[in-house]
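Provided herewith is a single structure, encoded as structure tokens, for subsequent inquiry.
The values are calculated or read from the model by the stated rules, or taken from the named source; none is laboratory data. Predicted model only: the values in this text are computed from it and were never measured. As a convention, Cβ positions derive from the backbone with ideal geometry for all residues, glycine included, and neighbour counts pool all protein chains shown. Ligands, DNA and RNA are excluded from the accessible area calculation, which covers all protein heavy atoms including side chains. Shrake-Rupley method; radii C 1.70, N 1.55, O 1.52, S 1.80 Å.
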Amino acid sequence: MFVVMVLGACRDQTQEHFIQGTALGTGYHITLYADLDHDQVAELEAGIEGELASLERQRSGFTRALDAAFGWFRLSSSALRHEADRTVHALAVDRLALWLDGHRFAPSAVMVEVGGVMRGQGVPPRGSWRLSLERTGLPGPDGARHVRIQNAALVHRFARQDVVPLVTLSTPLAVSVMAPSASEAMRQATQLMLASPGDAVKLAEAMDSAARVVVKTPQDVEIHHTAALEPWLEP
């Protein structure tokens with residue numbers, strides 16, 4: 001009996017499952033640890049698809065409203081749709097993380113990613129979830145940095161010159177923000193992206209945001225980490 005219990009406990013910590021697909025105009029990936037058989041995984045997959053389908057209906061309705069209101073202003077419509085999608089992706093991450101946590105097959109640890117927005121719950125077998133703060137195409141003079149998160153979310157925002165006027169040449173190149181929820185991280189990241197490069201770092205510190213801010217100066221590209229982010233950074 002004792003041996004069976006020990007083996008069961010080990011299985012709870014080491015059985016890894018991957019669920020992925022496309023929804024909300026992007027891809028989603030879920031990694032979870034739980035002792036589940038094939039039918040139980042299929043039940044989770046069906047529930048996840050149902051949650052995403054509900055969000056897709058909301059997104060479609062909002063998109064139609066934006067197109068009706070700004071159809072004559074294509075750049076404005078494109079910018080607003082992009083911002084709306086980022087908000088929906090963060091909402092989806094939070095919704096799926098909470099839905100999984102409350103499910104009868106709740107995993108011991110789960111990482112949910114939708115459109116690059118990530119949230120990790122629980123502790124996987126090898127310790128906290130390890131995520132990169134880097135982005136291909138952006139210089140990294142401070143080397144490849146990573147954070148380890150537990151019961152937190154990570155959002156990256158990058159300057160896009162095709163969504164003028166919400167994003168202009170005067171914005172930071174990129175920001176990464178950690179927060180307890182994806183929606184809160186997205187809110188802070190968007191606020192920082194709309195700030196001027198000179199004000200973004202000060203604003204992040206003032207908000208006590210766990211943030212990485214990348215700004216372009218006349219001489220170089222500077223990367224700043226706020227004090228609140230330091231505890232999450234790998235040495």
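Look at D12 and say whether it is open to solvent by 60 Å² or more (accessible area, probe 1.4 Å) and modelled with pLDDT of 95 or more.
Working: open to solvent by 60 Å² or more (accessible area, probe 1.4 Å): yes; modelled with pLDDT of 95 or more: no.
Judged against the criteria, D12 is not a match.
Hey, L133 hits all of (1) more than 19 Å from L173 (Cβ to Cβ); (2) open to solvent by less than 30 Å² (accessible area, probe 1.4 Å); (3) modelled with pLDDT under 90 but one; which does it fall short on?
With (1) more than 19 Å from L173 (Cβ to Cβ); (2) open to solvent by less than 30 Å² (accessible area, probe 1.4 Å); (3) modelled with pLDDT under 90 applied to L133, the lone miss is (1).
Could you list, in sequence order, all residues of segment 120-130 that are open to solvent by 20 Å² or more (accessible area, probe 1.4 Å), touching a residue at least 12 places away in the same chain (Cβ under 8 Å) and not small (G, A, S)?
Those that are open to solvent by 20 Å² or more (accessible area, probe 1.4 Å), touching a residue at least 12 places away in the same chain (Cβ under 8 Å) and not small (G, A, S): Q121, V123, P125, W129, R130.
Where the second residue is open to solvent by 20 Å² or more (accessible area, probe 1.4 Å) and among the polar types (S, T, N, Q) and the first is part of a loop (DSSP other than H, G, I, E, B) and lies in segment 104-119, which pairs have Cβ atoms under 7 Å and are six or more apart or on separate chains?
The qualifying pairs are F105/Q40; S108/Q13; G115/T26.
Being more than 30 Å from L80 (Cα to Cα), in a loop (DSSP other than H, G, I, E, B) and modelled with pLDDT of 95 or more is the requirement here; does P141 meet it? Step through it out loud before you land on a result.
On the way: more than 30 Å from L80 (Cα to Cα): yes; in a loop (DSSP other than H, G, I, E, B): yes; modelled with pLDDT of 95 or more: no.
Spelling it out, it is not the case that P141 is more than 30 Å from L80 (Cα to Cα), in a loop (DSSP other than H, G, I, E, B) and modelled with pLDDT of 95 or more.
Select from segment 197-225 the residues that are touching a helix residue (DSSP H, G or I) at 6+ places or on another chain (Cβ under 9 Å), open to solvent by 50 Å² or more (accessible area, probe 1.4 Å) and at pLDDT below 90 and list them in ascending order.
K216, E222
Here's something else I'd like to know. Would you pick out the residues in segment 174-184 that are in a helix (DSSP H, G or I) and either over 9 Å from A152 (Cα atoms) or among the charged types (D, E, K, R) (or both)? Break it down into steps so the answer makes sense when it comes.
Here is the first cut: in segment 174-184, the ones in a helix (DSSP H, G or I) are 182-184.
Matches in segment 174-184: S183, E184.
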